[in-house]
Amino acid sequence: MKTNQTKALILFLGPALLAIFVFFFIPVVAAFVISFTDFDIYSLGNFANARFIGFNNYVQLFEDPLFWTALQNTFWFVILAGPLSVTVSLFAAILLNSKLIKYKGIFRLSYFMPVVTTLIAVAIVWRFIYHPRFGLLNYFLGFLHINPVDWLGDPVWAMPAIVLMSVWKNFGYNMIIFIAGLNNIPTDLYEAATIEGASWWQQFRNITLPMLVPTTIFISIITMIGYFQLFAEPYIMTQGGPLNKTLSIVQYMYQEGFRWWNMGYSAAIAFVLFFIIFIGTIIQTLIQKKLKHA
Amino acid sequence: MKKIFLYLFLSITGVMTLSPFIWMLSASFMADGHASVYPPRFFPDAFTMIQFQTLFTRLNALSNFGNSLALSLLVTFVSLIFNSMAGYAFAKFRFDGKEKLFSILLSSMIIPAQVTMLPLFLMLKQMGFINTYMAIVIPGLANIFGIFMIRQYTISIPDSLIESARIDGATDFQIYYKIILPLCTPILVTLAMFTFLGTWNDFLWPLIVLTDNSMYTLPVSLANLMGEHTKDPELMMAGSVVTIIPVVVVFLALQKYYIKGIMMGSVKE
């Protein structure tokens, strides 16, 4: 009996665990080790050519102005796009949850469509939407008497342009989670508040928002994790330009690792990214705990 | 009054959200140069399939389409088997350290995939899998999120069902195949969709491990094409349409499962 159970366990759990162990956990550890070596194009032919250089890669990163640029750009992107995404999603969810509205499915579908579509394809579409002369955006802004902007060619506007596209692409996803969160709020809370004569705004402020705190934190965490990994949008729309103003951490990692084969250096960049995401997640989890007890 | 305002607002923002797709579709049916005009056109003045023709004849998009389709189906099929078996085991088997193991897996989901990419590339290179389908399939064999979803769903299947099957002499594999899998159909559909769309839409990893145009998936091929055809919006839009249509079709057909899956994934605690 006992051996049968063990056999079944190995049969069912074995394949997935083995795959995850060999192709996920081992690479994580290996990346950590590589980040302390000078693994480069010469090591690619013979791994033995890589030497341990201690913290050199990390020290070098600290002194690398391009890395600081990438770091700064990525933080700028997360700070702009993160809160904007969450706010737009919440707003859309509340509108779609209104009892006044029928045909919710149609609206939900149109808001959600960007989420499922291929990022590369829509980034290409947006690249043309941002075209300074023929693009849709400048055309519509023309109605508001706003002069044409070279969205992707202007060092100031390139990142906000990528932010706008990302918010458009992603808000539908969080909207769905917010709708689920809204539906989980017990209706009798609202009924009681209505009886006591609370206005819509008071109900929103005192019932909806507090009840949505766990959902909001969850959404903030997954949005932040996703946004720190910014890559394909600038890769397609700006190639990191103009003047490296949209170069992201992941793009820098990709370039160093897979263009120039500086894999030791690239692994160090990957771990800095991991570290940032880790800290960010911990901070938000702590905020959640604090709010729970407050 | 409030209602009319609400409908108006939702309709306008809905159309705005869809407008990039509308423009994409219409530009893909335009002749060269017709999308580079001011004011922008929302409908082709002369309808032509020339861009799609170029795409499928001169640019060989059919092989990229084939790669995307084959890889997405392959990864979906294989990972569904791996994940469903492990998810079932985590839900119904009793063994020492189960909870601990599961929570280690869950918390490791915070590690960004980029961390693993360099060593994974080197491993696959040693195995001779760079620029083959295996380079995409191997890292996709099993994933923690998939196991988590199956586990959550399978836990709600009553133990008595499994026990009575066992008394009737069913083996573990028969229980999995004849009871668990059929009962799990909804979550399997959801997970299949997530995996299919995820593999189809993936970019960075295929960009790294596929090195030859004949092996490229559609997104990689499209990104590559963009480099040479920055001035050909019509052609690029046709490429985008071809890339997007399959995912839109899959989504429209099974959207209920997809939406449910997102909601389920969000109630972790």
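For the reader, a short list of remarks on this structure follows.
- Expressed as a fraction of 2.2 N^0.38 Å, the C-alpha radius of gyration for chain A is 1.25.
- Per residue of peptide B:104-114, the mean number of Cβ atoms on other chains within 10 Å of the residue Cβ is 6.
- Annotation: lysines with alpha-carbon distance below 25 angstrom to A:Lys292 (same-chain offsets under eight excluded): B:Lys268.
- Computed over chain B, the alpha-carbon pair-distance distribution with 5 angstrom bins reads 1, 5, 10, 12, 13, 13, 12, 11, 8, 6, 4, 2, 1, 0, 0, 0, each value a whole percent.
- Averaged over A:246-259, number of beta-carbon atoms from partner chains that fall within 10 Å: 2
- For the set B:Lys92/B:Lys260; A:Lys169/B:Lys231; A:Lys104/A:Lys289; A:Lys99/B:Lys256, the pairs lying more than 26 angstrom apart at their alpha carbons are A:Lys104/A:Lys289.
- For the protein assembly as shown, calculated [θ]222 nm from helices alone, where every DSSP H run of n ≥ 4 adds -39500 (n - 2.57): -22000 deg cm²/dmol
- Across peptide A:263-274, the average count of Cβ atoms from other chains found within 10 Å of a residue's Cβ is 3.
- Burial order of peptide ranges A:191-200, A:79-88, B:157-166, A:115-124 (average beta-carbon count within 10 Å, highest first): A:115-124, A:79-88, B:157-166, A:191-200
- Taking the centroid of alpha carbons for each part, segment B:9-86 and segment B:91-112 are 39 Å apart.
- P(r) tail fraction, the protein assembly as shown - alpha-carbon pairs more than 34 Å apart, %: 45
- Here the peptides A:245-252, A:40-47 are ranked by packing, the mean other Cβ count within 10 Å, and the order with the highest first is A:245-252, A:40-47.
- Sorted from longest to shortest, the spans of the Cα atoms of segment A:149-284 along the three principal axes equal 67, 37, 19 Å.
Read the figures in this text as sums done on the coordinates, not as results from a lab. The structure displayed is predicted, hence computed values, not measured ones. Positions of Cβ are generated from backbone atoms using ideal geometry, with glycine treated the same way; all protein chains shown enter the neighbour counts.
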